[in-house]
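To start, the structure itself, in C-alpha cells.
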Amino acid sequence: MLTAIVLIDTEANQIPEVAAAVAEIEGVSEVYSVTGEVDLIALVRVREHDQLAEVIADQVSKVDGVLHTQTYIAFRAYSKHDLEQAFDLGLDD
C-alpha cells in the first residue's frame, strides 16, 4: 500500500466544499482542514504507483476551488504501536 500526504491550497470561501469533494475521491482515505500555510491535508492510499497520478493529478488537483497541491510520498509508516515494539527488549517488568 502506498501512502501520499497531499497539501492542498484552496479558495478561502470554498474550503468545506473542496474538502467534501476530495473526500469522495476513491483512494482518498481522509481529509483534514488544518491551520498553517495550507488549507487541507489529504491522505491518499493506493496499491500501485500509477494510481497516485490518477488520484492526485487527475482528480484532486482538478476539484473546483483547488489552487495548488504539494505531495509527499511516504516511505515508511511509524505508529506508537510500532515504536513500542522497536524498543521492546523482551524483558519482564
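Which is charged (D, E, K, R) and farther than 18 Å from F75 by Cα, of E26, E48? Walk me through it before giving the result.
On the way: E48 fails: farther than 18 Å from F75 by Cα.
Within the list E26, E48, the selection yields E26.
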### Task
Tell me which of these L67 doesn't satisfy, since it passes every other one: (1) closer than 25 Å to M1 by Cα; (2) at pLDDT 95 or above.
(1)
### Task
Go through the stretch 8-47 and give me each residue that's of a type in the set (D, E) and more than 17 Å from K62 (Cα to Cα).
E30, E37
### Query
Considering the stretch 35-46 alone, what residues qualify as being part of a loop (DSSP other than H, G, I, E, B) and in contact with a Leu (Cβ under 7 Å, 6 or more places away or on another chain)?
V38
### Query
Of all residues in the stretch 1-29, which are under 10 Å from the mean Cα position of the chain (by Cα), crowded, with 19+ Cβ neighbours inside 10 Å and in a strand (DSSP E or B)?
A4, V6, I8, V28
### Message
I'd like the residue in the stretch 30-72 that is surrounded by fewer than 15 Cβ atoms within 10 Å (Cβ to Cβ) and of a type in the set (A, V, I, L, M) and, out of all such residues, is farthest from E11 (Cα to Cα).
### Response
A53
### Query
A86 versus (1) touching a Phe, Trp or Tyr at 6+ places or on another chain (Cβ under 9 Å); (2) at pLDDT 95 or above: which is the lone unmet condition?
(2)
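The values are calculated or read from the model by the stated rules, or taken from the named source; none is laboratory data. Because the structure is a prediction, the values reported are computed rather than measured. Note that we place each Cβ from the backbone using ideal geometry, even for glycine, and neighbour counts take in every protein chain shown.
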